[in-house]
Amino acid sequence: MNHCMRRRVSLKRLHSQLTLFTRRLCDKASENQTSKQKNEIGEQQEREYIPPGGEARNVTDILLEDIKPIFQRQSSTTELPIPRHTDIVIMGGGLVGAAVAYFLSSQSSKLYNVTVIERDYSYTRASSMLSCGGIRHQFSIPENVQMSMFTSDFLKHYKEHLSVYDQDPPEVCFHHQGYLFLAPGDRVEFLESCVKMQRENGAKTVLLSKSQLAEKYPWLNLDGIEAGSLGTSGEGWFDPWQLVHSLKAKNITNNVNYCEGNIVNIRQEVIQVPLEDETTPRTRIVGVDVDHKNGKRYGCNASLFVNCSGPWAGEIATMAGVGTGEVGNELPLPVEPRKRYVYTIHCPDGPMLDAPFLVDTSGVYFRREGLGGHYICGASPTEDSEPDVNDLSVDYGFFTDFVWPALAHRVPAFNNSKLKAAWAGYYDYNTVDQNLIIGPHPYHTNLIFANGMSGHGVQQALAIGRGIYELIYYDEYKTIDLTRFQFERFINETPIREYAIV
Ligand SMILES: Cc1cc2nc3c(=O)[nH]c(=O)nc-3n(C[C@H](O)[C@H](O)[C@H](O)COP(=O)(O)OP(=O)(O)OC[C@H]3O[C@@H](n4cnc5c(N)ncnc54)[C@H](O)[C@@H]3O)c2cc1C
C-alpha cells in the first residue's frame, strides 16, 4: 500500500469512528427527547416528523436528509419550510406579531434570528384584518393613552419607517377624524377626569358641553347627553391590512424568517432553577412543532417564544403548559375569542366629512367608511348574551333589534339607512380586566405574552412590539413603562381595569 492510499484508509477509518461516536452521543441525547416528543405528539400523528436542530439528529440522518432531496430533484433541507432552530419564535403573524418582528429586526442590528410562524397567510380570521382600524387616545389608563399616541406618531412617519429599498409602502389611509365619546349627566365627572389624565399624557382631547356638541354636530340627537370628549389630533382610523403587509415586507428585508404553518405542539423540558439555598424544578419551553401544508410536521427549537396569536392566545398558552397547576403556575392565560359583528350601512343623508368615530352611551359606535354615505357600525353584546364562537357567522337580528334602533335614536338620519353587508371577527378578550398582558410568564420565563388587548390591539400593536423589543434587548422598558401589564397582576389579584372599552 503506498503512502497516499494508507492516508486515505486511515482517514476513512477516522471518519467512520467519528460518525459512530457522534451517532452514539446523539442517540443517547436524543433518546429522552425523541421518545418524549413522540409521546407528546401522540400516536395519532401520521405526519412525517422532521425533528428540530440540536442533539436530536445523528450524522447519518443529517446526511440522508441533505442528500436525498438532491437525488429527488427537490430543494435541499437547508431550505426547510420551518427552520430547525432560530433564536426567537413569534407565534402568530397578525399585526402584533409583525410589529414585534419589526422592532426586533430593525432595532437590534440583526442580532437575533427571528422567525414568525403564521398558519394563514390570507389572514381570513385574524382580528387585525377584521377590525375597524380605530385609533384613539381616549382611555382611562395612562399606559393605554401612551401606547395609542406612540402608534399615531409612528404612523405620522410611516413612510420613513417602512419604505423598502426606497419604495414607499402602500398608504395606510389614516382618517384624522377623531373619536367622540358621549356621556350622560352622571358620567361627566368621570369623563372630565379622563380628559385631564389624557391631556397630562400629551393627548389633544377636549371636553365639549351639550351646547358645544349641538353647535358642532347639528345631526346629533342630544337627549340624555350632557357632554362629550373629542380627540382633536392623532385619532381616527386607518387600514390595518396595509400596515400588516407593509410591516411584513419590511421584516422580510430585515431577514425575518416568515413561515406558514400551524403550531400544534409546544415542547418543554424541566430545568433546575437555583432559588435561595436549593434548586427548584421549573419548566422551560424548548421548541414548537408545526404542521406544514406539505403534510409534514416540523420541529423548531428556539430560546424565546412570543405569543402573538391574538384570540387564540389562551389556546397557545395552554399548549405551552401555562396554568397546569404546579405552584406558581396555577393560572391559565385569561384570553379567549369573543365574537363581534360589524355592519356596513348606506345612508346618503347621514353625517358627512366632519363625522368622528362616535361612541354612544348605549355602547353602539359608528364611523364613516369612505365617502358616498357609507358607514360601519356595531356594538359589544352584554356579558350574558355573548354569541357562540365556533364560526364567524353574523347575527343580523342583533343589528335590527339593538344596533340600528340605538343608532337611529342618536343620529335620526340613520332611520333611512340600508344594511349593505356585515362581517364578524374575534376580540382577543382578556376575561379578567380587558387589558393588555405583556412580558414573560413568571414560571415559563422564556414565554413572552403580547395578548388580551380586548378590542384595542390594532392601535396598540406597534407600542407592544416596541415594548417587547426593549424587554428582550435591554431587559427593561425604555419608551413606555408597561410593567403593570405583566401576568403577575392575576397572581397578585391586582387587575387594571380599562373603562373605555367599546
Ligand atoms: C370586529 C372587531 C373590531 C375591532 N376594532 C378595533 C379597533 O377599531 N381598534 C383597535 O385598536 N382594535 C380593534 N379590534 C381589536 C384588534 O383587531 C385586535 O386586538 C388585534 O388585531 C390583535 O392583533 P393580533 O396580531 O394579536 O391578533 P390577530 O390579528 O388575530 O393575529 C393572530 C394570528 O395568530 C395566528 N395564529 C393563531 N394560532 C396559531 C397557531 N396555532 N399557529 C400559527 N398561527 C396561529 C392567526 O392565524 C392570526 O393570524 C377589533 C377587533 C374586532 C374583532
The listed residue being over 22 Å from SER127 (Cβ atoms) and crowded, with 16+ Cβ neighbours inside 10 Å, out of ALA320, ALA313, ALA355: ALA355
Considering every residue within the stretch 343-350, establish whether at least one is away from the ligand (no atom under 15 Å from the Cβ) and in the same structural domain as PHE487 (by TED's automatic domain parsing). no
When restricted to PHE305, PHE399, PHE366, the only residue farther than 23 Å from THR124 by Cβ and more than 22 Å from the chain's Cα centre (by Cα) is PHE366
Taking the criterion of being within 9 Å of the ligand (Cβ to nearest atom) and either modelled with pLDDT under 95 or in contact with a Leu (Cβ under 7 Å, 6 or more places away or on another chain) (or both), would at least one residue in the stretch 406-417 satisfy it? no
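The rows are residues; the columns are (1) more than 14 Å from the ligand (Cβ to nearest atom); (2) out of contact with any helix residue (DSSP H, G or I) (no Cβ under 6 Å at 6 or more places or on another chain); (3) closer than 30 Å to LYS296 by Cβ.
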| position | (1), (2), (3) |
| --- | --- |
| VAL96 | no, no, yes |
| TYR102 | no, no, yes |
| ASP120 | no, yes, yes |
| ASP153 | yes, yes, no |
| SER163 | yes, yes, no |
| PRO169 | yes, no, no |
Answer yes if at least one residue in the stretch 300-308 is without any contact (Cβ under 8 Å) to a residue 40 or more places away in the chain and not acidic (Asp, Glu), and no otherwise. no
Looking only at the stretch 303-322, filter to residues that are in contact with a strand residue (DSSP E or B) (Cβ under 8 Å, 6 or more places away or on another chain), farther than 9 Å from PHE449 by Cα and among the β-branched types (Val, Ile, Thr); which one of those is nearest to the ligand (Cβ to nearest atom)? ILE316
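Residue-wise test of (1) of a type outside the set (Asp, Glu); (2) crowded, with 24+ Cβ neighbours inside 10 Å; (3) modelled with pLDDT of 95 or more; (4) more than 24 Å from ILE263 (Cα to Cα).
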{"position": "VAL89", "(1), (2), (3), (4)": "yes, yes, yes, no"}
{"position": "LEU95", "(1), (2), (3), (4)": "yes, yes, yes, no"}
{"position": "ALA98", "(1), (2), (3), (4)": "yes, yes, yes, no"}
{"position": "TYR102", "(1), (2), (3), (4)": "yes, yes, yes, no"}
{"position": "TYR121", "(1), (2), (3), (4)": "yes, no, yes, no"}
{"position": "HIS137", "(1), (2), (3), (4)": "yes, yes, yes, yes"}
{"position": "PRO142", "(1), (2), (3), (4)": "yes, no, yes, yes"}
Which residues, taken from the stretch 338-364, are more than 12 Å from ALA379 (Cβ to Cβ), assigned to a strand (DSSP E or B) and charged (D, E, K, R)? ARG338, LYS339
Taking the stretch 419-470 only, how many residues are within 11 Å of the ligand (Cβ to nearest atom) and acidic (Asp, Glu)? 1
Anything in the stretch 244-290 that is assigned to a loop (DSSP other than H, G, I, E, B) and more than 20 Å from ALA99 (Cα to Cα)? List them, or say none. GLU276, ASP277
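The values are calculated or read from the model by the stated rules, or taken from the named source; none is laboratory data. If you're wondering where the values come from, they're calculated on a predicted model, not measured in any experiment. Reconstructed Cβ throughout: ideal geometry from the backbone, glycine too, with neighbour counts over all protein chains shown.
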